[in-house]
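**Student:** Take a look at this one; I'll ask things after.
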Amino acid sequence: MADRDEDAANINGRAPGGVGLLIIDMINSMAFEGAEQMRPSAEASADIVLRLRREADRLETTVI
C-alpha cells in the first residue's frame, strides 16, 4: 500500500483544460473518543495532502 500512497502525491504536468487542487475538511482537533486509533492514518493522509499541495504550488496550479 505504501507504493500507492507514494503515487498519490505525484502530479505529472498539466491536465488538458487546466487542473486545480481542492483541499477540504483537513482541520480537526482529534479531540474525540477513538481519535488516538485514527491518528496514524490521519497523519499519513495529511502528509500526502501536503506533498500534493507542494507539487501543485511548484506547477503553479490553483489550490483552494
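**Student:** Can you tell me how many residues in region 19-43 are over 18 Å from ARG54 (Cβ atoms) and either touching a residue at least 12 places away in the same chain (Cβ under 8 Å) or touching a Phe, Trp or Tyr at 6+ places or on another chain (Cβ under 7 Å) (or both)?
**Tutor:** 3
**Student:** Mind listing just one residue for me: the one in region 50-64 that is under 14 Å from ILE24 (Cα atoms) and surrounded by 15 or more Cβ atoms within 10 Å (Cβ to Cβ) and, of those, farthest from the chain's Cα centre (by Cα)?
**Tutor:** Restricting to residues being under 14 Å from ILE24 (Cα atoms) and surrounded by 15 or more Cβ atoms within 10 Å (Cβ to Cβ), the top hit is ARG53.
**Student:** Now a separate question. Mind counting the residues in region 46-64 that are in contact with a helix residue (DSSP H, G or I) (Cβ under 9 Å, 6 or more places away or on another chain) and part of a helix (DSSP H, G or I)?
**Tutor:** Here is the first cut: in region 46-64, the residues in contact with a helix residue (DSSP H, G or I) (Cβ under 9 Å, 6 or more places away or on another chain) are 47-48, 51-52, 61-63.
Narrowing further to those that are part of a helix (DSSP H, G or I): 47-48, 51-52.
The total comes to 4.
Bear in mind that the values in this text are calculations on the coordinates, not laboratory data. The shown structure was predicted, so the numbers you read here are calculated from the model rather than taken from an experiment. All Cβ positions, glycine included, derive from the backbone under ideal geometry; neighbour counts span all protein chains shown.
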